[in-house]
1. Under the condition of being in a loop (DSSP other than H, G, I, E, B) and out of contact with any Asp or Glu (no Cβ under 8 Å at 6 or more places or on another chain), which residue from the range 273-302 is modelled with the lowest pLDDT?
2. Does any residue of the range 232-251 turn out to be in contact with a Phe, Trp or Tyr (Cβ under 6 Å, 6 or more places away or on another chain) and at pLDDT 95 or above?
3. Say whether the condition of being of a type in the set (A, V, I, L, M), surrounded by 13 or more Cβ atoms within 10 Å (Cβ to Cβ), over 30 Å from LEU134 (Cα atoms) and not assigned by TED's automatic domain parsing to the domain that holds ASP140 is met by at least one residue in the range 72-84.
4. Do we find a residue being among the charged types (D, E, K, R) and loosely packed, with under 14 Cβ neighbours inside 10 Å anywhere in the range 96-105?
5. Which residue, of SER52, SER20, is of a type outside the set (Lys, Arg) and either in contact (Cβ under 8 Å) with a residue 12 or more places away in the chain or surrounded by 12 or more Cβ atoms within 10 Å (Cβ to Cβ) (or both)?
6. Just to check your reading of the model, which residue among ARG144, ARG217 is of a type outside the set (A, V, I, L, M, F, W, C) and outside the structural domain of HIS290 (by TED's automatic domain parsing)?
7. For the range 156-200, give me each residue that is hydrophobic (A, V, I, L, M, F, W, C) and within 20 Å of GLN224 (Cβ to Cβ).
8. Across the range 76-104, what is the number of residues that are part of a helix (DSSP H, G or I), out of contact with any strand residue (DSSP E or B) (no Cβ under 6 Å at 6 or more places or on another chain) and modelled with pLDDT of 85 or more?
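The values are calculated or read from the model by the stated rules, or taken from the named source; none is laboratory data. Not measured: the values here are computed from a predicted model. Every residue, glycine as well, gets a Cβ built from its backbone with ideal geometry; the counts of neighbours run over all protein chains shown.
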Amino acid sequence: MDQLRRMAVFARVVECGSMSAAARELEMTTSVVSQQIRALEQRTGVTLLHRSTRRLTLSEAGVGFYQGCAEMLAAAARAEQRLAELRDAPLGELRIAAPASFAGEHLAVALADLMRAHPRLQLRIFAGDERIDLIEARIDLAIRVGRLADSSLVARPLAQWPEHLCAAPAYLAQFPALREPEDLAKMEGLVLTPLGEPQTVELSRGAETRRVRFAGRIASNNQQALLQFTRQGLGMSRQVETDVAADLASGRIMRVLPEWSLAPVGVWAITPQRESQPAKVRHAIEALRHYLAGRSPGALLASAAGA
């Protein structure tokens, strides 16, 4: 690093025409600048500057060496400019990981304006319900829905979505005596199995809360697959209201024990670190937050009913 610093000092001396002028620009003393040049010549074993009482003259070796130093400084300036651009404007490749249903239903709408406004921004989406290593996969931003596992990653809340136990009307008709959460044990659960998801449900009614086991013959790591099985009348599943608003409005599926409520599901923006986020990540998080803020439960059901 000392050698690179000396090269930068040498280039500035050449460009300023004197050590004293370079010293003023670099906020050093003239003696320190002279020491840097002397150390550089000793390290290289070549005379770079011919000194006289009135002027400095580049040696033949110094001319070629200056060109290399100037190119080095120009490359450093370009790198610094690139960092400033990344900090201030969305550009480069934005790598987002999201659950398959979220990616298919929401990402395009949420990020369309951002992509239109910034043509130098590229987008790569990793859609899937398995958790992936953000560091290893070089993910800039992950969207996670539901309970978060403890980790060193940084989570920012984006929204809270209502979640319901749902089943097809024909399937619910098989259980006319369904009254209490404990009665759910008679039914087939369609179980979502991402890493860390507990196989229980917690239902609340007023101040009363009950936890019941949630199990069945069919399990999947894909929420959309479970929704299809629900529509086919093969059991009940936990569904986020944003995914099933149209089904609920049309009566294609129904809420199970509607007087009992599940806790809302958190939607989170996950990043590997909190500080110094590039502009592409900051703008994407803001676009997602703005989009999700406009998707209130009432608005969703109203739009579904009118569809």
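1. Within the range 273-302, the subset in a loop (DSSP other than H, G, I, E, B) is 273-278, 294-296.
Checking the rest, the ones that are also out of contact with any Asp or Glu (no Cβ under 8 Å at 6 or more places or on another chain) come to 273-277, 294-296.
On the way: GLN273: 73, ARG274: 64, GLU275: 66, SER276: 71, GLN277: 81, GLY294: 76, ARG295: 69, SER296: 53.
In this case the residue turns out to be SER296.
2. Yes: the range 232-251 contains one or more residues that are in contact with a Phe, Trp or Tyr (Cβ under 6 Å, 6 or more places away or on another chain) and at pLDDT 95 or above.
3. If we filter the range 72-84 for residues that are of a type in the set (A, V, I, L, M), which is where we start, we get 72-77, 79, 83-84.
Okay, now just the ones that are also surrounded by 13 or more Cβ atoms within 10 Å (Cβ to Cβ), so 72-73.
So of that shortlist, the ones also over 30 Å from LEU134 (Cα atoms) come out as 72-73.
Now narrow it down to the ones that are not assigned by TED's automatic domain parsing to the domain that holds ASP140: 72-73.
Checked the range 72-84: at least one residue is of a type in the set (A, V, I, L, M), surrounded by 13 or more Cβ atoms within 10 Å (Cβ to Cβ), over 30 Å from LEU134 (Cα atoms) and not assigned by TED's automatic domain parsing to the domain that holds ASP140.
4. Pass one, the range 96-105, residues among the charged types (D, E, K, R): 105.
If we keep only those that are loosely packed, with under 14 Cβ neighbours inside 10 Å as well, we get none.
Scanning the range 96-105, I find no residue that is among the charged types (D, E, K, R) and loosely packed, with under 14 Cβ neighbours inside 10 Å, so the answer is no.
5. Working: SER52 fails: either in contact (Cβ under 8 Å) with a residue 12 or more places away in the chain or surrounded by 12 or more Cβ atoms within 10 Å (Cβ to Cβ) (or both).
Residue meeting the stated conditions: SER20.
6. Working: ARG144 fails: outside the structural domain of HIS290 (by TED's automatic domain parsing).
When all the criteria are applied, what remains is ARG217.
7. We begin by selecting, within the range 156-200, every residue hydrophobic (A, V, I, L, M, F, W, C); these are 158-159, 161, 165-168, 170, 172-173, 175, 177-178, 184-185, 187, 190-192, 195.
Scanning the range 156-200 gives ALA159, TRP161, LEU165, CYS166, ALA167, ALA168, LEU190, VAL191, LEU192, LEU195.
8. Going through the range 76-104 one residue at a time, the tally reaches 1.
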